[in-house]
1. Inside segment 247-295, can you point out the residues that are part of a helix (DSSP H, G or I) and aromatic (F, W, Y)?
2. List the residue pairs whose Cβ atoms are under 7 Å apart, where the first residue sits in segment 95-117 and is closer than 15 Å to V33 by Cβ, the second is of a type in the set (S, T, N, Q) and at pLDDT 95 or above, and the two are 6 or more positions apart or on different chains.
3. Tell me the residue from S109, S155 that is of a type in the set (S, T, N, Q) and farther than 22 Å from Q235 by Cα, please.
4. Among the candidates T262, T234, single out the residue that is among the β-branched types (V, I, T), surrounded by 16 or more Cβ atoms within 10 Å (Cβ to Cβ) and either more than 18 Å from W66 (Cα to Cα) or in contact (Cβ under 8 Å) with a residue 12 or more places away in the chain (or both).
5. Can you find a residue that is in contact with a strand residue (DSSP E or B) (Cβ under 9 Å, 6 or more places away or on another chain) and part of a loop (DSSP other than H, G, I, E, B) anywhere in segment 142-149?
6. Are any residues in segment 152-187 assigned to a loop (DSSP other than H, G, I, E, B) and hydrophobic (A, V, I, L, M, F, W, C), and if so, which ones?
7. Output the residue which, of all residues in segment 189-220 that are over 21 Å from the mean Cα position of the chain (by Cα) and in a helix (DSSP H, G or I), is surrounded by the fewest Cβ atoms within 10 Å (Cβ to Cβ).
Amino acid sequence: MKTNPSADRRRLKARDAARSPLPAAMVTENYVVAGGIRTRYFEAGSGPTVILLHGSSLAIDAWSTWHNTIPALAHDFRVLAPDLVGFGLSDAPVDGKHVPRLERRHHVSAFIEALGITRCALVGHSEGGFIAAMLAVENPGLVDKVVVVSSGATSPRLGGNEDHAWQAAAAAAYNVLDGCDTEEDFLRTNARLSMKNPPEFVELLKKNYRLACESGQLERFRQAARKKDDTEYTQIQEDHLLPHLPTMQAKLFIAWSGCDETVPVARGIKLLERAPQADMHIFANAAHMVMIDRPREFNGVVRDWLGS
């Protein structure tokens, strides 16, 4: 889908002048047991159900990722945003190990079942995009629309030397082995994930970093990082997801950050090549956390597409 960024901005400005997001106080914080995991989730609004899935970097959870998006979408949808297993205030895995994304989708399935949802749209950021797309492939009767947001877990590699730059940037941004010993180290390591790093977002990260240290999440991430196999990471895409995208029944929207060093636009375009039926929008002047860097544009574009 080709878009005119200037026209989009004018349209969003005019529309948002008459429609502000719901007050944050109207977003409720709830808990449900999903697959044996006590799961925290946020909820707002009414209408067709939209579930927002966060990524998997250290100290990320539903609220730090989606605090701008939940109230914005809640005008038109019932919006749910869970902390995935081992993140935020949801239970940690029983065995104390980090749950990889392929298995994490079972927690999301259990969450959907626990709330009695029979039809929904999924919006997934980063590894959450992989989970969203996988669930759509596996459950065509459940998921009718999918938005994949700047998701390296979903998009193909570029091949050859073209991958070196983003791999180096990702290694620096997600360096949990020796880049997160203190809160200051953690914030410095994560700084490249947002171009703006607004104070509210930074404060949420600080709080979540302290929780990650206390809950054992940091150590789980370090154990997983020591075992990470990039070949296996790529093989999961080819075995479980990419071949199925062209025939996926759910409508697909690819939302990509224009200035994401860790998952460059070229990878989003490669994903579009594997799913030519999809729509795509590129957000200029946004790093990996596009919903933080360009909240009004992101929320407006996603809301319009979900409502189309």
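1. The answer is none; no residue qualifies.
2. Between residues of segment 95-117 that are closer than 15 Å to V33 by Cβ and residues that are of a type in the set (S, T, N, Q) and at pLDDT 95 or above, the close pairs are F111/T39.
3. S109
4. Going through T262, T234 in turn, the sole match is T262.
5. Yes, segment 142-149 contains a residue that is in contact with a strand residue (DSSP E or B) (Cβ under 9 Å, 6 or more places away or on another chain) and part of a loop (DSSP other than H, G, I, E, B).
6. Residues satisfying the conditions are A153, L158, V176, L177, C180.
7. E214
Let's see how each residue does on (1) at pLDDT 95 or above; (2) more than 22 Å from H98 (Cβ to Cβ); (3) touching a helix residue (DSSP H, G or I) at 6+ places or on another chain (Cβ under 7 Å); (4) crowded, with 23+ Cβ neighbours inside 10 Å:
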| residue | (1), (2), (3), (4) |
| --- | --- |
| A114 | yes, yes, no, no |
| T118 | yes, yes, no, no |
| K145 | yes, yes, yes, no |
| N161 | no, yes, no, no |
| A171 | no, no, no, no |
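The values are calculated or read from the model by the stated rules, or taken from the named source; none is laboratory data. These figures come from a predicted structure and were not determined experimentally. Cβ atoms come from the backbone with ideal geometry, glycine included; neighbour counts cover every protein chain shown.
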